[in-house]
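Reviewing the structure listed below.
The values are calculated or read from the model by the stated rules, or taken from the named source; none is laboratory data. Remember, it's a predicted structure, so these values are computed and weren't measured experimentally. Positions of Cβ are backbone-derived with ideal geometry, glycine not excepted, and every protein chain shown enters the neighbour counts.
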Amino acid sequence: MKIDPALHQSRKPDWLRVRFPSSPVFHSTKSLIADLHLATVCEDAQCPNRWECWSAGTATFMIAGERCTRACGFCAVDTGKPFPLDPDEPRRVGEAIARLKLRHVVITSVTRDDLEDGAAGHFAQTIRAIRAVDPAIVIEVLTPDFNGRPASLETVAAAAPDVFNHNLETVERLTPLVRSRAKYRLSLEVLAKFREIAPAITTKSGMMLGLGEEENEILASMDDLRAAGVEVLTLGQYLRPTPKHLPVVAYIPPEKFAEYREAGLRKGFKHVASGPLVRSSYHAAEFNPNADASR
């Protein structure tokens, strides 16, 4: 499946302009992360919001190494043979969180198909290390699909994160192009299975727009996510990290993202973050599952 090069949009619209950071907090956060030898998806995935988030003293930590075993067409993270897991990494993540005084932390990882559990145990150790330094913090995990292994999902669930996030990324038709070795239906099964294992934990997923999807496909994906029990949805603009990655087919205007947000809320999502610069962990603290007394 190929995208017509003629559709490639090379010029970013004004609503995607991001200011360079001037806050000293940004630079102190960057120094702390480097000092503790930690990786963040903010840098490795070239997130456009890292200036804003780091200036606010927040970060999304990427554990289990910086080399992914997959080569998705949208992702800037390096692909290659991963190094062994660092057993001290969970402790360092906990230390960083304590020093940054976060109230909501997101923990994600590269995909580790080389490990039997897909690094689920490493996720669990990191969650427990964070709880040891701050029992009250809201912990969100953004995981790979673990190749659909129920045992891996059970391992993560047993560590009791507050939010379980696994991204659908794109519509079903474009999945073979966008997500190397991943399957649309498998991702839905992972979300549904986790919901079955741990119904008290909020489930979340996200999609990138601008890769050539049609509106009816976006709405159909929302229905699929709701059928899987997903409660929180993020929708953001795909931005091409390098010329080697998939081109942007269309830049979706802010007003269209607003329409999709309303559509998602009508479909029953508890919270929908939808906008050009929205990413999975951007303003993640705006939804606090522990504030919902009905849960």
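Structural remarks
- Here the condition is being in contact with a Phe, Trp or Tyr (Cβ under 8 Å, 6 or more places away or on another chain) and in a loop (DSSP other than H, G, I, E, B); of LEU235, LEU246, it holds for LEU246 alone.
- Some residue of the stretch 210-223 being out of contact with any helix residue (DSSP H, G or I) (no Cβ under 7 Å at 6 or more places or on another chain) and under 18 Å from LEU16 (Cα atoms): yes
- Condition met for LYS193 (touching an Asp or Glu at 6+ places or on another chain (Cβ under 7 Å) and in contact (Cβ under 8 Å) with a residue 24 or more places away in the chain): no
- Check on ARG99, among the basic types (Lys, Arg) and modelled with pLDDT under 65: no
- Top-ranked residue of the stretch 135-155 - restricted to ones that are in contact (Cβ under 8 Å) with a residue 40 or more places away in the chain and over 17 Å from the mean Cα position of the chain (by Cα), ranked as surrounded by the most Cβ atoms within 10 Å (Cβ to Cβ): ILE137
- Restricting attention to the stretch 77-124, the residues being closer than 26 Å to ASN288 by Cβ and acidic (Asp, Glu) number 1.
- Scanning the stretch 123-134 for residues that are buried (at least 16 other Cβ atoms within 10 Å of the Cβ) and either in contact (Cβ under 8 Å) with a residue 60 or more places away in the chain or out of contact with any helix residue (DSSP H, G or I) (no Cβ under 7 Å at 6 or more places or on another chain) (or both) yields PHE123, THR126, ILE127, ARG131.
- If the condition is being surrounded by fewer than 18 Cβ atoms within 10 Å (Cβ to Cβ) and either touching a Pro at 6+ places or on another chain (Cβ under 9 Å) or in contact (Cβ under 8 Å) with a residue 60 or more places away in the chain (or both), then the stretch 174-189 contributes PRO176, LEU177, SER180, ARG181, LYS183.
- For the stretch 72-114, taking the residues that are more than 20 Å from the chain's Cα centre (by Cα) and assigned to a helix (DSSP H, G or I), the one that is nearest to ILE137 (Cα to Cα) is identified as ALA98.
- Hey, ALA200 modelled with pLDDT of 95 or more and either touching a strand residue (DSSP E or B) at 6+ places or on another chain (Cβ under 6 Å) or part of a helix (DSSP H, G or I) (or both) or not: no
- Every residue from the stretch 209-238 that is within 13 Å of VAL178 (Cα to Cα) and either surrounded by fewer than 21 Cβ atoms within 10 Å (Cβ to Cβ) or at pLDDT 95 or above (or both): LEU209, GLY210, LEU211, GLY212, GLU213
- Once the stretch 276-288 is narrowed to residues that are surrounded by fewer than 20 Cβ atoms within 10 Å (Cβ to Cβ) and modelled with pLDDT of 75 or more, the residue that is nearest to LEU219 (Cα to Cα) is LEU277.
- Yes/no for ALA263 being of a type in the set (A, V, I, L, M) and either in a loop (DSSP other than H, G, I, E, B) or touching a residue at least 40 places away in the same chain (Cβ under 8 Å) (or both): yes
- Filter result (within 17 Å of PRO144 (Cα to Cα), surrounded by fewer than 18 Cβ atoms within 10 Å (Cβ to Cβ) and not charged (D, E, K, R)) within the stretch 69-84: ALA71, ALA76, THR79, GLY80
- Going through (1) in contact (Cβ under 8 Å) with a residue 40 or more places away in the chain; (2) touching a Ser or Thr at 6+ places or on another chain (Cβ under 9 Å); (3) surrounded by 17 or more Cβ atoms within 10 Å (Cβ to Cβ) one by one, ILE97 falls short only on (2).
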